[in-house]
1. Cβ under 13 Å from R109's Cβ, R109 left aside: what net charge do those residues give with Lys, Arg +1 and Asp, Glu -1?
2. Give me the percent of the accessible area of the range 68-118 that comes from carbon and sulfur atoms, probe 1.4 Å, all protein chains in place.
3. D72 label point, 7 Å along Cα→Cβ, cut-off 17 Å on backbone N: hits in the range 96-120?
4. Quick check for you: with a 1.4 Å probe and neighbouring chains kept, what is the accessible area per residue of the range 54-175, in Å²?
Amino acid sequence: MNKVMTRNKPTTGARRHPGGRPPVRHDTRRPGPAPRRSAPGRGTSRTASAPAAPDPSGPVVPQPRPTDLFADRLVSVLSGRRPVHSMLRHTAGRAYDELAWLAERGPLRTHGSHPVVRDIGYYVPRPGAIEAFARIGAGGSLRAMAFRLECGPDQRWRCTAVELGGPRMPRADGD
């Protein structure tokens, strides 16, 4: 049965769509696509696009950068929407301790809307390392977050440092 929707009026003379499907409807309640973020090594230009991967259906789909993924994950943890242990396999060294220390204080917890990543900038100090900063919109304020990513021997990116404006985690004597 190819019936899509019923009509109260007779369909004589009505325009038919190929394949019997109605035209595509767009949900006006859903936001548009996210703004493009800058590419590593290309400064903070918002016009740079992510590398694309072919979709089996034909169109080219842009792939998210590691900095975009990590910024969203870090904001989710620091706002209390995800538990800290969800970042355990995505961190290396002291970064997990720093993240847990920051998350205890709930620096991005707001009432009402959730914090969102507004913009990301990059710096590539050497191949296999990215230092990134993100502007976070939290409530009516704008916060800054910095983090460092390093690519391990298994070709996976891991966060090795994270900082958020405000007090820093006390250093141990051995650090």
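1. Details: positive: R81, R82, R105, R143; negative: E104.
Residues close to R109 contribute a combined charge of +3.
2. 50 percent
3. Within reach of a label on D72, which here means backbone N under 17 Å from a point 7 Å along Cα→Cβ, the range 96-120 contributes 114-120.
4. 57 Å²
The values are calculated or read from the model by the stated rules, or taken from the named source; none is laboratory data. Only a predicted model underlies this, so the values are computations on that prediction, with no experimental measurement involved. Glycine also receives a Cβ, built like all others from the backbone with ideal geometry; neighbour counts cover every protein chain displayed. Note: accessible area is taken over every heavy atom of the protein model, side chains too, but ligands, DNA and RNA are not part of it. Shrake-Rupley method; radii C 1.70, N 1.55, O 1.52, S 1.80 Å.
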